[in-house]
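Written below as structure tokens is the structure these notes are about.
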Amino acid sequence: MNTQTTTKQSQNTQLKALIFDVDGTLSNTERDGHRVAFNQAFKEYGMDWHWSVETYGELLAVTGGKERMKFYLFLDKDKIPENIEAKIPELHAAKTRHYTKLLSTGAIPLRPGVERLIHEARQRGLRLAIATTTTPENVTALLTHTLGADSIGWFEVIAAGDIVPAKKPAPDIYDYALTEMKLSAAECIALEDSENGIKSSTGANLNTIITINDYTSKHNFTDAIIVLDQMGEPDKPFSVIAGNANSASYLDCDLVEKLHQQAITA
Ligand code: XBP
Ligand code: MG
């Protein structure tokens, strides 16, 4: 291989960007955030629906809040209040209002290591993006109330919600982010927490790091380059569930780059 080819190849596979999922990855928003907001919206509309922690875990099989409500209707036709299907967009808007209000209280923090990794990536000149199923307002509310309003500008693309017609597990949202950044999948790493998430990211050919949570610990992550219980901090080490952390005890940019290079050359 001549020098020109080597240089060209390393240019195309050098890590340039991190693409973050939101719910479950940046923050454990589902159980105490989205679920609570759905229940508040149901109450506001005088409905007797209530999604328990357990039921919500089952409903997470379907991504997207509007889609999740439709799925619930489909599961039990007896629960259908009149004209509810037509009301779903309105109900979902109420849910978003409740959810963003909840975030504004600071009740939902980022997961361990997220803030540190984002700062480190920025210092290294790695580009940042978001690829999520959730509504755009939810992303800006989470970022604002955890990292500060300026942090919205740290992410060059916030690919969210209905921006693509097919939500995760379809690869569309990651494909969209890659197209917007004009990067190839080999130049990026995705960070995800769920099976629908990794199906989406690997469907877009992205190498993917998984940090699990209570709702996703039993999911299939065979295609992940590493599976961790959390990103961790220097004083709060992660546990490696699958893969090789090269004796690191928390996820930093050195480890991300190492994992990326190993995956690219494998
Ligand atoms: C998580 C989701 C979302 C939220 C609800 O997506 O599936 O549907 O639960 O958000 P991700 P909306 O992990 O990709 O961030 O109600 O705004 O749809
Ligand atoms: Mg997720």
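Yes/no per residue for (1) within 13 Å of ligand 2 (Cβ to nearest atom); (2) among the charged types (D, E, K, R); (3) under 17 Å from Val22 (Cβ atoms):
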| residue | (1), (2), (3) |
| --- | --- |
| Pro165 | no, no, no |
| Ser184 | no, no, no |
| Asn205 | no, no, no |
| Ile212 | yes, no, yes |
| Thr216 | yes, no, yes |
| Phe221 | yes, no, no |
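Does Gly24 satisfy the condition of being buried (at least 22 other Cβ atoms within 10 Å of the Cβ), under 25 Å from Leu251 (Cβ atoms) and either within 16 Å of ligand 2 (Cβ to nearest atom) or among the hydrophobic types (A, V, I, L, M, F, W, C) (or both)?
Details: buried (at least 22 other Cβ atoms within 10 Å of the Cβ): yes; under 25 Å from Leu251 (Cβ atoms): yes; either within 16 Å of ligand 2 (Cβ to nearest atom) or among the hydrophobic types (A, V, I, L, M, F, W, C) (or both): yes.
Yes, satisfied.
If the Cβ limit is 7 Å and pairs must be 6+ apart or interchain, which residue in the stretch 35-49 that is touching a residue at least 24 places away in the same chain (Cβ under 8 Å) pairs with which residue that is away from ligand 1 (no atom under 15 Å from the Cβ)?
The qualifying pairs are Phe42/His50; Met47/Pro81; Trp49/Lys79.
Collect the residues in the stretch 33-70 that are surrounded by 15 or more Cβ atoms within 10 Å (Cβ to Cβ) and among the small types (Gly, Ala, Ser), keeping them in residue-number order.
Of everything in the stretch 33-70, those that are surrounded by 15 or more Cβ atoms within 10 Å (Cβ to Cβ) and among the small types (Gly, Ala, Ser) turn out to be Gly33, Ala37, Ala41, Gly57, Gly64, Gly65.
Can you name every one of the strands (runs of 3 or more DSSP E) wholly within the stretch 179-249 that holds 1 or more residues which are free of Cβ contacts under 8 Å to residues at least 60 places away in the same chain? Show your work before the answer.
On the way: elements: 188-192, 207-211, 226-228, 240-242.
So the answer is 207-211, 226-228, 240-242.
Only one of these is buried (at least 19 other Cβ atoms within 10 Å of the Cβ), modelled with pLDDT of 95 or more and of a type outside the set (Asp, Glu): Gly232, Gly203, Gly243. Name it.
Working: Gly203 fails: buried (at least 19 other Cβ atoms within 10 Å of the Cβ); Gly243 fails: buried (at least 19 other Cβ atoms within 10 Å of the Cβ).
Checking each option against the conditions leaves just Gly232.
Using beta carbons and a limit of 7 Å, which pairs, at least six apart or on different chains, have the first residue in the stretch 21-32 and in a strand (DSSP E or B) and the second one near ligand 1 (Cβ under 7 Å from one of its atoms) and of a type in the set (Ser, Thr, Tyr)?
Asp23/Thr132; Asp23/Thr134
I need the full set of residues from the stretch 117-158 which are surrounded by fewer than 17 Cβ atoms within 10 Å (Cβ to Cβ) and outside any helix (DSSP H, G or I), in order please.
Within the stretch 117-158, Gly125, Gly148, Glu156 qualify.
The values are calculated or read from the model by the stated rules, or taken from the named source; none is laboratory data. Being a predicted model, the structure only gives us computed values, none of them experimental. All Cβ positions, even for glycine, are placed from backbone atoms using ideal geometry, and neighbour counts span all protein chains on display.
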